[in-house]
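First comes the structure, then the notes that go with it.
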Amino acid sequence: MQKFCMEIYDEYEDPAGCLQMIQVAMKARSGSGELAAWGRTEQSDNPTLLTILGEILCCRHEFSLARECFRKALKAHPDFLPAEMKLMEVDFMLGDLAAGFSRMSFYLNALTPHWFRQFRTLLPELREWQGEIFSGKKLLVVAVGGFGDKILFARFLHRIKARGGTVSLMVGKSLAGLLATVSGVDEVLADATFGEVKARGFHYFLRLPEAPAIFGISQRTVPQDGAYITADVELVRQWQRRLPTAGLKVGLVWAGSGYGDVSDQRSIPLCQMMPLLALPGVQYISLQVGPAAREKDALSVKMLDAADSFNSFTDTAAVVSQLDLIISVDTAMVHLAGALGRPVWALLPYLSSWQWPAKGEHSPWYPSARLFRQSEQADWTTVVRALHHELSLYSRGKYSIIKA
C-alpha cells in the first residue's frame, strides 16, 4: 500500500492534500470505512483528492466505494479527466460494460491527445461515424490503444462492415497482417500518414474502441463468435515442422513490456515458475519477447524459443494456433490466444487492468480464457501453485483436454 500511495503522490497536483490522504490510508489498515468517511466529510468538493481516494480504495478491492468517489469527483468537477478515466476502469471491472464504454472517448482522448488533435486538424472533412448506414461511402477505422486493445476490439469490424460500404483499417505494421484476416476489413493501411489518408477521400472515421458504445454492448451482449482471427496457413505449416510432437505443448509468457521497472506488477520472475517447468509430459515453448527472454538462459531452462523468430504478430499467431495451451501474464498474448480461440490461462496481478472483471475465473471477451489471480499484492505463489495443480492433473491423465 505504501508503494502504491507514493506512486500516486507524484501523479497529482496538491502535494499537501495528497500527503494527508496517504497518511489516512496508511492508518486505515483494518478496513476502508475510515477512508470512505474521510472522503465524504473532508474532501467532498476536491476532485483530485477524491480521485486519489478512489484509487486507494481500488487497491483495496473496494471497487463500489471507489466508484462512489469518482462519481463525486465528477459531480464537483464535471470535466476532471482523471476521474473520468478511473470511473471507466471501475465500471468495466464491476461488469457494467455499457457505462464503461460510454466513457471510452475520454480514455482515448487522454491516450493520444496530440495525435488526435493533429488528426482532426489535418482531416477536418471526415465526419465521426455514429453507427448510421454508409452504403457507397468510405469509413476509416483507426485502431488505437495497446496491442491487446486493438486485438480485443477487432471483433467489431464485421459489425461495422454490415452497415455500409468500404471499411479501411489504420493500424501499425506489426499488427497489419494479422488484422487483415478479420472479417469486415476491406483493406489495411499500415502506418499510413495523414497525407495518404487524405488522398483516399474517406467520408467517415471511427476510433475502433468506440464501436462497442455504438452497438450498445453490455455484459449480456458481448459478441460470442468464437475465433475471429486466422493464422497464416503457410506459416502454420512451417511451425508444425518445428514444434514438438509429443506431450502437452504449452506456450509461456512471464513478463510484460514493463519488465525491470520497479512499478511493474504484471511480470513474474521466471525462477518462481520453475515448479511448472519440472512437470512431466509438458513441452514448453517460449513466447517471451524483450529483455525478459534472457531469464531462461540465466536459469539454464531448456525450452524451444519460438519468440526468437517473431517479426510480427502474424508469426506469433502461427505458433499460438498450434499450441495446446498458452500461459501468459497480462499481455497482448492473452488477447491473441483468445482471438484465435486457443485455450489460454491469464495470470493477473492483484489489481488487474480494466479489460478483466474484478472477480471470477472467466472473461466475457474470450470463452477460451481462464483467469488466475493473485490473492495478495505482489504474491505469485498461490497462482503458481494453482497452475501446477491443474497441469499436473493433465500429466497424470486425469483429463485429456485443457479446461478453458
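Bear in mind these aren't lab numbers, they're just calculated from the coordinates by the rules spelled out. In this text, all values refer to a predicted model and were calculated from it rather than measured experimentally. Here the Cβ is made from the backbone with ideal geometry for all residues, glycine too, and neighbour counts use every protein chain on show.
For residue 256, the conditions (1) closer than 25 Å to residue 357 by Cβ; (2) free of Cβ contacts under 8 Å to residues at least 40 places away in the same chain; (3) not hydrophobic (A, V, I, L, M, F, W, C) all hold with the exception of (2). If you check residue 131 against the conditions, is it touching a Lys or Arg at 6+ places or on another chain (Cβ under 8 Å), farther than 29 Å from residue 375 by Cα and either surrounded by fewer than 20 Cβ atoms within 10 Å (Cβ to Cβ) or hydrophobic (A, V, I, L, M, F, W, C) (or both)? When the stated conditions are applied, residue 131 passes them. Here 321, 300, 309 are screened, and the one residue that is in contact with a Gly (Cβ under 9 Å, 6 or more places away or on another chain) and hydroxyl-bearing (Ser, Thr, Tyr) is 321. Screening the stretch 286-328 for residues that are in contact with a Pro (Cβ under 8 Å, 6 or more places away or on another chain) and closer than 25 Å to residue 149 by Cβ and picking the one that is surrounded by the most Cβ atoms within 10 Å (Cβ to Cβ) gives 326. Need pairs with beta-carbon distance below 6 Å; first residue under 9 Å from residue 50 (Cα atoms) and within the stretch 63-82, second in a loop (DSSP other than H, G, I, E, B); sequence gap 6+ or separate chains. That search, which allows pairs on different chains as well, returns 73/80.
With a cut-off of at least 3 residues that are surrounded by 13 or more Cβ atoms within 10 Å (Cβ to Cβ) and not small (Gly, Ala, Ser), name the helices (runs of 4 or more DSSP H) lying wholly within the stretch 170-239.
Working: elements: 173-179, 194-199, 211-214.
Result: 173-179, 194-199.
Scanning the stretch 111-167 for residues that are within 27 Å of residue 339 (Cα to Cα) and without any contact (Cβ under 8 Å) to a residue 24 or more places away in the chain gives a single hit, 162.
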